[in-house]
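Worksheet: one structure, shown below.
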Amino acid sequence: MDSVLSPPSSFCFDKNASDAWSLNERWTKWKRSYEIYSKACEITKKPVEIQVNILLHVVGEQCRDILDRLPDKCTTVEQVWKTLDEQFHTKRNVTVERHKFFMRHQQDNESIEQYVFELRKLAQTCEFRDLHDELIKDRLVCGISSSAIRERLLREDDLSLKKAMDICRAAIASRTNSEKIKPEREETQLYNVHQVNRSQKEVSFVKSKMTSSRGRARSAGRDAAAAEPESVRRAARWRAGRAPPEARTPHALAPRPRGRLLAASEFNVNQGRAVPGSSKMCKYCGIVHKKFECPAYGQRCVRCSGMNHFARVCGVHYIEESDEQDSEASG
């Protein structure tokens, strides 16, 4: 066992150090380490003289100098511990130790267990006696960093240290689970928004395709109309001239520069006489005649230059009387 366990390092200290409290704590920790080593190696079963020499060897040169200056030589382990304790132990100021305890707050990223552990360490030198756990519980309520958990603890009756720690653990676990669920909800919402945006983009793309298709169709229609023969365009203008007045284009309603307009009532009534074998007025010549005997067939309209109709039925309620018609009537 001696060859397996390594003894603690020699206890070293600064003789001119002014922080006696730190030296006291370091000596207490070192002494605790040696006691563990001594029990593990069963040093207490060895003769007393060997026990003393092992301790003097492990404790280090600085401590041996202190023991060598004593008038009486230490012959037992208990005498060595007593002499060194008197050298390094300093009487504690209980007020200062309690001030440290009551000013201890939970640090950032410090768990409840770690915070209570640090409070227990500080309480060891405060001499709380029977109020040890009660004061640690009160300090936990006052020093915890979460105000929500503090309010939860203050609502409890007969609150003990164990119950307070259980409440703190449950609240922290609930908050942790909520924080894990929140990102999942945000990811779901972002996915839904992405899907909506994608659908809107697809609808906009289809609308743009339809708009461009209609634009190309209108452009193709204009190109096809421009490529039509003049006779076809004249026929289209003639049909537009026969439309009702509100549906006519400005081109169809443009005034003619020559001649004068005669009312339909000024026509010779004999032109509308009944003809055997027919029952209605012809829409191309304005008179009643037999089938296939229209006098307007092959004639050009003097108003719109269209073929196969007279000017008096050229889509308006007025006709144009030209100089050519006057000469034909006089002849």
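The values are calculated or read from the model by the stated rules, or taken from the named source; none is laboratory data. The structure presented is a predicted model; accordingly, all values stated were derived computationally and were not measured. Neighbour counts run over all protein chains shown; Cβ positions are idealised from the backbone, glycine included.
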What about VAL94, is it modelled with pLDDT under 90, under 25 Å from GLU25 (Cβ atoms) and of a type in the set (Val, Ile, Thr)? yes
Would you confirm, using the coordinates I've provided, whether LYS82 is assigned to a helix (DSSP H, G or I) and either at positive phi or assigned by TED's automatic domain parsing to the domain that holds SER33 (or both)? yes
For residues that are under 16 Å from PHE13 (Cα atoms) and without any contact (Cβ under 8 Å) to a residue 12 or more places away in the chain, tally how many sit in the range 86-105. 1
Looking across the range 288-331 at residues that are surrounded by fewer than 18 Cβ atoms within 10 Å (Cβ to Cβ) and among the aliphatic types (A, V, I, L, M), the single one that is modelled with the lowest pLDDT is ALA329
Looking only at the range 90-118, count how many residues are in a helix (DSSP H, G or I) and within 14 Å of CYS168 (Cβ to Cβ). 6
Within the range 56-64, is there a residue that is in contact with a helix residue (DSSP H, G or I) (Cβ under 7 Å, 6 or more places away or on another chain), modelled with pLDDT under 90 and more than 30 Å from ALA170 (Cα to Cα)? no
For the range 166-174, does any single residue satisfy the condition of being more than 23 Å from ASN24 (Cα to Cα), free of Cβ contacts under 8 Å to residues at least 24 places away in the same chain and of a type in the set (Ser, Thr, Tyr)? yes
Does the range 68-80 contain at least one residue that is acidic (Asp, Glu) and closer than 30 Å to GLU97 by Cβ? yes
PHE102 over 30 Å from ARG64 (Cα atoms), of a type outside the set (Gly, Ala, Ser) and surrounded by 13 or more Cβ atoms within 10 Å (Cβ to Cβ): yes
Here the residues within the range 146-177 that are exposed (fewer than 13 other Cβ atoms within 10 Å of the Cβ), among the polar types (S, T, N, Q) and not in a helix (DSSP H, G or I) are SER160
